[in-house]
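Chemist: I'd like to ask some things about the structure below.
What follows draws every value from the coordinates through simple rules; no lab data is involved. All of these numbers come straight from a predicted model, not from anything done at the bench. Cβ: placed from backbone, ideal geometry, glycine included. Neighbour counts: every protein chain shown.
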Amino acid sequence: MKVLVTGAWFDDEGDAVVWLVDFSTGTAEVWLNWLPPENLRVARRGFAGGDLNADASELYVAAHAAVVRISLDKAAVTGVMHQPCMNDLHHVTVARERLLVANTGLSAVEVFGVDGRFVGSHSMLPAWLNQRRQVGEQWPEVDSYLVPGWDSQAEDNVRGEPVSGSDRDPYFSTDRTSRPFHQCHLPDYLHINHVAAIGHRWFATCFADGSLRDVLTGDVVRQFPGKYLHDGNLHGDSFWLTSIDGFLLELDATDLVERRRIDVFSQGHHGWCRGLAVTDSYLVVGLTEVRLSSMPQHHWSSYPVASSETSVLLIERSTGKLLQRVNLSNGARHSKLYSVLPVPENSAGGMC
């Protein structure tokens, strides 16, 4: 079995990478490396999550401020789609002839045609608030602007001193006005990091509160307290999520009721759990090394940081047993993984 793995590095270069992992040989190679143009380049950002189109001829993947189209036959970038409102894109899903884009920095799901035409947007924040964020302002308590009540005066919604992202966490951009919105590191609201289609319904995986939300209605359809979620993969009658603490959550795809949990870390390998591919027989799970020099805000595990690794695990779906592991750690650059995508057997681009 072979998979493509999208990712990036925790250094300042800003380039993006796709690895080709072959479990039959236990090896991995860089299948594609892409350096964004300077106006779209952001340190510690490369490729985030992506998806293959229906015939597996093209990969659509999120970069920080653009959607990138990649030909599997040519193993080359064939298109880059950018809009100034794009910030910290985390995932692209191909749903029929639509691209559903997790615009994490804007707390929105943007919809495009596969031809690059903008179709619409579904935001979790009011337009005026996002507009002010795009010109360099930020508020410390977003929730207070989401439930104004029926007796509020219009001006009540815009009171308060705007603050920079650096007042909340040093990870975020300290200067919000000298660079474009799309190149900043910004605090976000729900941290939408994955979009999935189940039939005609679209669901957003929200990291911040462990929720799965209906994109069109805004309803929280499922919530997992204490779980920081990624992914959202439909396979057959099951819908799968990952949690950074190493759990895979299998839900019934019809009613989204939880069926079972698989503890990936029990297999002896640990890391920031993100990236999942599901087949009839296998689960392929991505882990990213956690380092003291780049500790996340959120508690990821009780395991020592030194035990974490960047790797891809092949797990038997029926038993949860580890079958194979491929190491993708990089001591110098500190690699990080996002999407894991099965390579079809008839795939081109030298991957068969």
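Chemist: Could you work out the Rg to Rh ratio of the chain, with Rh taken as the Kirkwood radius (inverse of the mean 1/r over all Cα pairs)? Could the numbers behind the result be given before it?
Modeler: Details: Rg = 19.5 Å, Rh = 20.6 Å.
Over the Cα atoms of the chain, Rg/Rh equals 0.95.
Chemist: In whole angstrom, how long is each semi-axis of the equivalent ellipsoid of segment 227-348, when you take the square root of 5 times every eigenvalue of its Cα gyration tensor and sort them from largest down? Don't skip to the answer; put the middle values down first.
Modeler: On the way: eigenvalues 114, 60, 32 Å².
Value: 24, 17, 13 Å, ordered largest first.
Chemist: If the convex hull of the alpha-carbon atoms of segment 1-99 is projected onto planes in all directions, what is the mean projected area in square nanometres? Don't jump to the answer; show the numbers that get you there.
Modeler: Details: hull surface 26.5 nm².
Orientation-averaged projected area of the Cα hull: 6.6 nm².
Chemist: Right, something else. If I build a Gaussian network model for the chain, linking alpha-carbon pairs within less than 10 angstrom, which residue out of PRO225, PRO180, PRO342 has the largest mean-square fluctuation?
Modeler: Residue with maximal mean-square fluctuation among PRO225, PRO180, PRO342: PRO225.
Chemist: What's the exposure ranking of ASP73, ASP231, ASP55, going from fewest to most Cβ atoms within 10 Å?
Modeler: Values: ASP73 13, ASP231 28, ASP55 9.
Fewest-to-most Cβ neighbours within 10 Å comes out as ASP55, ASP73, ASP231.
Chemist: With springs only between Cα atoms under 10 Å, which of MET86, MET295, MET124 fluctuates most in a Gaussian network model of the chain?
Modeler: MET295
Chemist: Convert each backbone phi in segment 289-294 into a coupling constant with the Karplus relation 6.51 cos²θ - 1.76 cosθ + 1.60 (shift: θ = phi - 60°), then list the ³J(HN,Hα) values in order as whole Hz, x for Gly and Pro.
Modeler: With coefficients 6.51, -1.76 and 1.60, one gets 4, 9, 10, 4, 6, 9 Hz.
Chemist: Then there's this: Which of LEU106, LEU323, LEU341 ends up with the largest GNM mean-square fluctuation for the chain, with Cα atoms connected below 10 Å?
Modeler: LEU323
Chemist: Taking only C-alpha pairs under 8 Å that are 6+ residues apart, what is the relative contact order of segment 1-70 in percent? Show your work: numbers first, answer last.
Modeler: Working: 153 pairs, mean separation 19.5, N = 70.
Relative contact order for segment 1-70 comes out at 28 percent.
Chemist: Neighbour counts of other C-beta atoms within 10 Å: give me GLU137, GLU258 arranged from fewest to most.
Modeler: Values: GLU137 16, GLU258 13.
Final ranking by Cβ density, sparse to dense: GLU258, GLU137.
Chemist: Here is a follow-up. Name the long-range amide H neighbours of VAL343: under 5 Å, sequence gap of 5 or more, or other chain; modelled H, no Pro or chain starts.
Modeler: LYS2, VAL3, LEU4
Chemist: Using R₀ = 25 Å, calculate the FRET efficiency as 1/(1 + (r/R₀)^6) where r is the Cβ-Cβ separation of SER281 and ASP22; round to 0.05.
Modeler: Details: r = 17 Å, r/R0 = 0.67.
E(calc), rounded to 0.05, equals 0.90.
Chemist: Turning to a different aspect of this structure: Under the definition of Cα pairs under 8 Å and six or more residues apart, what whole-number percent is the relative contact order of segment 263-352?
Modeler: The value is 30 percent.
Chemist: Applying the Karplus parametrisation 6.51 cos²θ - 1.76 cosθ + 1.60 with θ = phi - 60° to the phi angles of segment 19-28, what ³J(HN,Hα) value in whole Hz is obtained for each residue in order, glycine and proline being reported as x?
Modeler: Karplus-based 3J(HN,Hα) across segment 19-28 equals 9, 10, 10, 10, 6, 5, 10, x, 10, 9 Hz.
Chemist: Got a sec? How would ARG96, ARG261 order by Cβ neighbour count within 10 Å, fewest to most? Don't jump to the answer; show the numbers that get you there.
Modeler: Details: ARG96 8, ARG261 15.
Listed from fewest to most nearby Cβ atoms, that is ARG96, ARG261.
Chemist: Averaging sequence separations of C-alpha pairs under 8 Å and six or more residues apart, then dividing by the length of the chain, give the relative contact order as a whole percent.
Modeler: Values: 882 pairs, mean separation 52.4, N = 352.
The normalised contact order for the chain reaches 15 percent.
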